[in-house]
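Just so it is clear, none of the values below were taken in a lab; they were calculated from the coordinates. Since this is a predicted model, take the numbers as computed values, not measurements.
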Amino acid sequence: MTGSVVAAVRELASAEVVAFAGVGLAGRILPVTEAYRAVEAALPEGADDVRPHLAWLLANGSPAGKAYAATLLATFDPDAARAAWGALSHEAAEFTTFHGCIMDRTTLGQYATGQLTVA
């Protein structure tokens, strides 16, 4: 695994925001979005190398970091992603989400439950 992917996982570990695209009226790409994209680019080919880092992120990351980890798992292992979302569905910690210029606040449990309903 490249150093850039390891650095990206570290960035995701302290994420306070979940945003998969540009945010705000200017569509600014946040550093955590860039980090997510760097890990995503290594998948699915690098799944065997990335998986232990995602497991670490699920266990040790911020609430937003855990959401990114479960989302990344879904790109190559939907069953593991469902299990992760299920385990996170009772978490009360909050984080900020962005959908374009719309900012919101949610708990990890609410976010995880929402992911389980679309999965």
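In deg cm²/dmol and to the nearest 500, what is the mean residue ellipticity at 222 nm of the chain if only DSSP H runs of at least 4 residues count, each as -39500 (n - 2.57), divided by the residue total?
-18000 deg cm²/dmol
Normalise the Cα radius of gyration of the chain by 2.2 N^0.38 Å (N = residues in it) and let me know the number.
Cα-based Rg divided by the globular estimate yields 0.98.
So who's got an amide H within less than 5 Å of the one on V23, skipping anything under 5 residues away but keeping other chains? H placed 1.01 Å off N, in plane.
For V23, the qualifying residues are R28, I29, L30.
Give me a comma-separated list of calculated 3J(HN,Hα) values for segment 19-25, in order, Karplus coefficients 6.51, -1.76, 1.60 applied at θ = phi - 60°, integers in Hz, x for any Gly or Pro.
For segment 19-25, the Karplus curve yields 8, 9, 9, x, 10, x, 5 Hz.
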